[in-house]
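Here is the structure we will look at.
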Amino acid sequence: METQSPRPRVLYIDDEEIYAELAKTYLEDLGNCVVEIETFSPRALDRIRREHFDVIVSDYMMPNMDGLELLKAIKEMGVSTPFILFTGKDREEVAIDALNNGAEFYIQKGGSTEAQFAELSNMIVRSVRSSHVEEELFRSEESYRQLVECANVIIMERDLDGKIIFMNEFGLNFFGYSEEELVGRCVVGSIVPEIDSNGKDMAAMIRGVSENPEAFRLNENENMLSDGTRVWVSWTNKALLDGDGNRIGILAIGNEVTERKKAERALVESEGKIREILDASADAFVAIDYDLIITYFNKAAEDLLGVTRESVIGKEFLETFPWIVRLYNDELANRVITGDSVQLEIDLEISGKKHWFEIRVHPTDEMILIYFWSIEDRIKRDDALRRSEEKYRKIFETAANLIVSVDSAGIIVDCNSRVEEVLGYKREEFIGQNMILTIHPDYHKKVKAALQKIIEEGDSQNNEYKMVRKDGSIIDVGINSSAIYDNEGNFERTISLIRDITERRRAERALQKSESTFRSLFDHSALGIMITDGAGILMGLNPASNRILGYTIDDARDLNDVVEFVHPDDLKLQLGKFQDMIEGRMDHFVNDLRIRRKDGVYVWVQQTTLVIRNSEGIPEMIISMFEDINERKIAEYLLLESEEKYRSIINQSADGILLVDTDGNAIESNKAFRDLTGYTKEDLIHFNMKQLPFLETMEIIESFGETMMNGSSVSTNVHIRGKGGEIIPVDINSIAINSGDRTLLAGIFRDNRERNMMMEALEAANKKLNLLGSVTRHDLMNQLTTLFGHLEIAKMKVDNPDVMERIDRALSAGENIIYFLEFGKDYERMGTREPTWIRAEEAFVNGASTVELQDIDIYRKLGGLEIFADPMLVKVFHNLLDNSCRHGERVSVIKVYYEPIPSGLKLIYEDDGTGITLKDKSHLFDEILGHGLFMVKDILEITGITIHEVGVPGEGVRFEMFIPEGKYRLLV
């Protein structure tokens, strides 16, 4: 016989006791559960801390602590009891927040009471079942974890990328890590070295395990402890799979096998030690016994004699190598028998090729040891030395430059044939004389010191001298000298490469003369000249620059960078042109700009800038020439002061005014504008509209451009940035002014800060009123829900038709109350969002979707019509349709269409019902008697749309809505 499970214990929390009692009645009847009620949130929280409940159900809006705050407090206590939030309509954001904070379910109040509590009962049952399943799963996982933690082996889980997900306590202690230090790290670099002691790529091995665990099911590899110690671990690897059978990780179980590995390695090393020594020897080695049988043959002997050890071990030595017979005679045999060592050199032909060997025979008590050395390298070196000397002599004789060799006394011991071309001497008359005799007397001391340094220190010397040819003429030469030593390291002679550089010297002198000419022009030019390197660092400044700017070259260098000369407002344009020139898009440019004098005053100059590039096209030097045009610029500015009629208008205005020309250059500003922005008159002179630093957006520039293009007045609302950095909201009206032969553009700036503060205060007050309204509606809706619940229960418990009729009337009255509450909420939202363009067809369909039209035929002709209206335009059509259904009595057809009229457009709504009496028409749009039509009127008036009822009583209603031009558009 099955044991019946105890009924779930539910804690229901709601500050409204009558609603809570109603919930208890429904839930205990429907849900087979025990419901306990709490109306005070803090007391409920204390009970949850002390008692066990299977499910907690809570209302959202409660004093002291709302449902969401209660949920967060429960979770902070560590209580995992399922939590269901019972909230009002239009609280989706609260429901989402509750689910994010751990609630199992949420349910909205409203609608059918029986259906509402039936859904809540179902949620309670599901929550209890889910909680029991989670507890069983937790107990199962806890048992598995205890088994893993108590195991005396390493147990590890990792993902396919090698990141460690879990390691048991035994494994953590073995590797020397805490869980926080190891979990989340990659195995490679933490417990597995990147490269093991044998040079194996361990990251590749880990990838191989992830890709094919079966191939590495049993695997031994080198691991690494936290202190870097290398250990060996034997691993058993198994793939971890998800619910669909996809591989998601690796489970690895390991045992340390370090000592076993050491023992195995020691055994191998002991057995092969002698063989490794002999095999590693570079010398060919053969051992034979006194019966001349070969007993050992190393790797070097295989390579040298061209046979394998397997083919010769155990064979007779003289039969295997018959060429040795011509060396093996009685004398040699007697010397070996008597214990004497023998050394021989022989040339042998092996595999058809001649080889040279040195052979040493050394007898011992047990065997005869024979060593073979190939002496082919020595033979080859001797031959290579001979060929090298021949090659050197060929290079020496055919070199393009003169080569001379001198001994320690300075005597020429050798030279090549170029001596006659360079110095005019025959080779035989040049060799044997002292080198110093061919050097110009001015360089004798320098040459002797260089020779002595080469002899003592061996350093190479690279110097330039003058030499005297045989005919007495003098040439410039470059001499690069090095020492040559004998086999014992003693100095033997020098070898010197001598180049004729006479033509290069002439070119350098011509360049110096050219530079002297440029320096003269640089120093005496009337134009200022500034020279910088390719990076813009100052290199030179001529006297005219000092006269114009007041800087000496030392003053200017203290500025570090040429950009420190340029006025900040000219810098961007200057750098842009400079960049274009550097990158090769132009080779020079001319522009007007302001440069700062030493006394801090900016002066206008006209500057010509050009670049000089090296042979690879890289800029090496920038030359800037500038002329003082400050007086001309001042004269241009003074011409503007003659326009007094504009200045008078500007200065008398209370609004800020800024005048610019058609190129955007600032001409004038009034005191109000400067007070508004914090800028001085001097700040604004010579500024371009696009460069004004206080403009926050491009909207001002765009409105000025629009004014200039069509001559109209343009208004816009933007923000500007004051000199102090503050953001100022302003209305700007831009107009064009004709002044003689030119057009000026004026921007009129009106400060909106005070108006914006008033609007913010109104918005704050409105927000408080809205909050008060929403709280009141919430309380009323709770009471009405309670009322509906009790009335529904009463209907189920009475049979009296009269009582049933009265209950239905009470329910109908309650529905009317809900209608008015919803109406109030809609009216409160009206005008809170910006008007927008709305498709009339779509608004009508959406409005009709919430009205029960029954058998009424709808005729509409709204295609292509868009209306600029409040987003609640849908409510206009809803209210008109709802009134037709509620009050038209016999409505069978409803029509909605539009008609163009001379001054706008007429939108018409009409039905064929009883219409509206003349008496009611006068109060049709009143707040009390208008059946919601006063809200229709208010919604339409937000964007200037008017509505009138012109239908004939008894023949149906006809509402005409007049939409002015600009507030509608017809799309094709």
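Considered as a group, the residues in region 347-363 that are within 10 Å of I375 (Cβ to Cβ) and exposed (fewer than 15 other Cβ atoms within 10 Å of the Cβ) include one that is modelled with the lowest pLDDT, and that residue is D347. Only a single item in (1) open to solvent by less than 70 Å² (accessible area, probe 1.4 Å); (2) at pLDDT 75 or above is not met by S408, and it is number (1).
Cβ separations smaller than 6 Å between residues 6+ apart or across chains give the following pairs from region 479-508 residues that are assigned to a helix (DSSP H, G or I) to residues that are at pLDDT 85 or above: T502/I475; T502/D476; R505/D476. Could you say whether any residue in region 42-51 is β-branched (V, I, T) and surrounded by fewer than 18 Cβ atoms within 10 Å (Cβ to Cβ)? Within region 42-51 (the criterion being β-branched (V, I, T) and surrounded by fewer than 18 Cβ atoms within 10 Å (Cβ to Cβ)), the answer is no, since none of the residues qualifies. Hey, any hits in region 511-520 for a residue that's at pLDDT 85 or above and open to solvent by less than 60 Å² (accessible area, probe 1.4 Å)? No.
Is one or more of the residues making up region 414-429 among the polar types (S, T, N, Q), surrounded by 13 or more Cβ atoms within 10 Å (Cβ to Cβ) and touching a helix residue (DSSP H, G or I) at 6+ places or on another chain (Cβ under 9 Å)? Looking for residues that are among the polar types (S, T, N, Q), surrounded by 13 or more Cβ atoms within 10 Å (Cβ to Cβ) and touching a helix residue (DSSP H, G or I) at 6+ places or on another chain (Cβ under 9 Å), one finds at least one in region 414-429, hence yes.
Considering only residues in region 219-249 that are among the aliphatic types (A, V, I, L, M) and either open to solvent by less than 60 Å² (accessible area, probe 1.4 Å) or in contact with a Ser or Thr (Cβ under 9 Å, 6 or more places away or on another chain) (or both), the one that is farthest from M156 (Cα to Cα) turns out to be V231. Taking the conditions (1) outside any helix (DSSP H, G or I); (2) buried (at least 19 other Cβ atoms within 10 Å of the Cβ) in turn, L853 satisfies each one other than (2). Taken over region 651-674, the criterion of being closer than 13 Å to L744 by Cα and either outside the structural domain of R750 (by the TED database) or crowded, with 18+ Cβ neighbours inside 10 Å (or both) is satisfied by I657, L658, L659, V660, A666, I667, E668, S669. Do we find a residue being of a type outside the set (V, I, T), in a loop (DSSP other than H, G, I, E, B) and in contact (Cβ under 8 Å) with a residue 60 or more places away in the chain anywhere in region 408-418? Yes: region 408-418 contains one or more residues that are of a type outside the set (V, I, T), in a loop (DSSP other than H, G, I, E, B) and in contact (Cβ under 8 Å) with a residue 60 or more places away in the chain. Beta carbons closer than 7 Å, at least 6 apart along the sequence or on distinct chains, pair a first residue in region 935-946 that is more than 12 Å from A869 (Cβ to Cβ) with a second that is open to solvent by 60 Å² or more (accessible area, probe 1.4 Å) for M935/Y827; T946/F962.
Conditions (1) in contact (Cβ under 8 Å) with a residue 60 or more places away in the chain; (2) more than 24 Å from E852 (Cβ to Cβ); (3) part of a loop (DSSP other than H, G, I, E, B), marked per residue:
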| position | (1), (2), (3) |
| --- | --- |
| S884 | yes, no, no |
| I908 | no, no, no |
| T914 | no, no, yes |
| K919 | no, yes, no |
| F925 | no, yes, yes |
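For the criterion of being at pLDDT below 75, surrounded by 14 or more Cβ atoms within 10 Å (Cβ to Cβ) and closer than 30 Å to H567 by Cβ, I748 fails. Search region 189-218 for residues being of a type in the set (D, E) and not in a helix (DSSP H, G or I), and hand back the single one that is least open to solvent (accessible area, probe 1.4 Å). Once the filter is applied, the top-ranked residue is D196. Does region 254-262 contain any residue that is among the small types (G, A, S) and modelled with pLDDT of 85 or more? Yes; the residues of region 254-262 include at least one that is among the small types (G, A, S) and modelled with pLDDT of 85 or more. Within region 559-569, the presence of at least one residue that is open to solvent by 70 Å² or more (accessible area, probe 1.4 Å), within 36 Å of the chain's Cα centre (by Cα), more than 27 Å from I685 (Cα to Cα) and not assigned by the TED database to the domain that holds L684 is confirmed.
Listed by position, the helices (runs of 4 or more DSSP H) contained in region 31-117 that have at least 2 residues being at negative phi and under 41 Å from the mean Cα position of the chain (by Cα) are 67-76, 92-100. Checking each residue in region 878-905 for being among the basic types (K, R) and under 13 Å from L862 (Cβ atoms) picks out only K895.
Just one of the numbered conditions (1) within 23 Å of L940 (Cβ to Cβ); (2) open to solvent by 60 Å² or more (accessible area, probe 1.4 Å); (3) modelled with pLDDT of 80 or more is not true of F820: (3).
Scanning region 448-468 for residues that are small (G, A, S) and either in contact with a Phe, Trp or Tyr (Cβ under 6 Å, 6 or more places away or on another chain) or open to solvent by 40 Å² or more (accessible area, probe 1.4 Å) (or both) returns A449, S460. So, in region 590-627, exactly how many residues are in contact (Cβ under 8 Å) with a residue 12 or more places away in the chain, under 40 Å from the mean Cα position of the chain (by Cα) and part of a loop (DSSP other than H, G, I, E, B)? Number of matching residues: 2.
The values are calculated or read from the model by the stated rules, or taken from the named source; none is laboratory data. As the structure is a computational prediction, the values presented were derived from the model and not from experiment. Quick reminder, even Gly has a Cβ in these numbers, built from the backbone with ideal geometry, and neighbours come from all protein chains shown. Ligands, DNA and RNA are excluded from the accessible area calculation, which covers all protein heavy atoms including side chains. Shrake-Rupley method; radii C 1.70, N 1.55, O 1.52, S 1.80 Å.
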